[in-house]
Amino acid sequence: MKLIIVGSSGYVGKALVRQAVSSPAITSVVGLGRRETPVPENLDDPADAAKFTSVVCDDFLNYSDDVKQKLSNADACIWLMAVTPNKSATMSGDEVRKICLEYTLAGLETISKLPRGNEAKPLRFFYVSGANTERDQTKKPWVMGSYCLMRGEVESRVLEFAKNSNGAVEACILKPGLIRDSQRGYMLINAIQNIATSFISLPIVYLNQIVATLLNQATKGIEKETLENADIARIGQEELIEREEALEN
Ligand SMILES: NC(=O)c1ccc[n+]([C@@H]2O[C@H](COP(=O)([O-])OP(=O)(O)OC[C@H]3O[C@@H](n4cnc5c(N)ncnc54)[C@H](OP(=O)(O)O)[C@@H]3O)[C@@H](O)[C@H]2O)c1
């Protein structure tokens, strides 16, 4: 299968590209971003790097024909492009909304209309949002209220798009809490994060778990429309155990 990863140059994106090219179920991975995504190094099988193509785009509202051609024939798309809450502090609300909301909806619409190898199967579209976002626009969260409402609106509009697509798109929203890299455990940072996340009731999930969950759902099918933090941890953990057992046998 062919997988598109939008926002492949970021924290989750780079880890996802690495695991995706190593998946036997995935034959081609396109990483889309505003800059080049590096080809993963030191893979178990270096030949897997050939599955990866980095595509740079300079307009996420109007895709060029060249970019569209490179995105054609995909089976699934994982959308990671967004301005995260800490980065949003230095930008205007309008700019943050344009990148998080308008780019996502324009990308979904564009990719869903591109030619596909197997038109009979819906495009699987995964939108990675956050645990504390709010879809109900009458309920403003007390921390990062406007931002959480805006990300909740993106979730609703992605789901609405899929519902109105006559079966062309199947959507899944992931709502992770803090995504922690178990390979980079700085005790002091983790301790500070633990206090901060418990203060705002933000759960934690590991980077290898969310990446494994995304690849599990992209290749095997969507379990349910919305995956909460606990679902992401559960599916990811099961997938990682399954892979370990397969290696042992
Ligand atoms: N990290 C966490 O703990 C966490 C927790 C919960 C939810 N999430 C969500 O998970 C998703 C991925 O997060 P992440 O941690 O991987 O974020 P990240 O490292 O900041 O990556 C975000 C991606 O979006 C791209 N991007 C940002 N602004 C852009 C713009 N103006 N034009 C084009 N591309 C732009 C970045 O490109 P550049 O590399 O060029 O900047 C990067 O590829 C986000 O939706 C985030 O809200 C993350």
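Listing for the model above:
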{"item": "Theoretical ellipticity at 222 nm over the chain - DSSP helices of four or more residues, -39500 (n - 2.57) apiece, nearest 500", "result": "-13000 deg cm²/dmol"}
{"item": "Overall form of the range 1-124 per C-alpha gyration tensor (a/c, 1.5; a/b vs b/c)", "result": "oblate"}
{"item": "Long-range amide H partners of Leu123 with built H, under 5 Å", "result": "Val169, Glu170"}
{"item": "Where the chain is the region considered: accessible area per residue in Å², 1.4 Å probe", "result": "52"}
{"item": "Relative contact order %, the range 2-248, counting alpha carbon pairs below 8 Å whose residues are six or more apart", "result": "16"}
{"item": "For the range 138-171 versus the range 40-91, the gap between their alpha-carbon centres in whole angstrom", "result": "21"}
{"item": "Accessible carbon and sulfur surface of the range 2-248 relative to its total accessible area, %, 1.4 Å", "result": "52"}
{"item": "Dipole in debye (nearest 20) - the range 109-185, about Cα centre, beta carbon charges: Lys, Arg +1; Asp, Glu -1", "result": "160"}
{"item": "Residue-count net charge about Val158 - beta-carbon cut-off 13 Å; Lys, Arg +1, Asp, Glu -1", "result": "-1"}
{"item": "Neighbour net charge for Glu238 - beta-carbon separation under 12 angstrom, K R +1, D E -1", "result": "-3"}
{"item": "Residues of type lysines that Lys51 reaches as a straight line, Cα spacing below 30 Å, ignoring anything fewer than 8 places off in the same chain", "result": "Lys2, Lys14, Lys68, Lys70, Lys113, Lys121, Lys175, Lys220, Lys224"}
{"item": "Around Asn249: net Lys/Arg minus Asp/Glu count, Cβ-Cβ under 14 Å", "result": "-3"}
{"item": "Loop-resident sites, the range 113-184, for GluC sites (Glu not before Pro), counting at most 11 other Cβ within 10 Å (DSSP)", "result": "Glu119"}
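The values are calculated or read from the model by the stated rules, or taken from the named source; none is laboratory data. Just so it is clear, the structure is predicted and the values come from calculations on it, not from any experiment. All Cβ positions, glycine included, derive from the backbone under ideal geometry; neighbour counts span all protein chains shown. Surface accessibility is based on the protein's heavy atoms, side chains included, excluding ligands, DNA and RNA. Shrake-Rupley method; radii C 1.70, N 1.55, O 1.52, S 1.80 Å.
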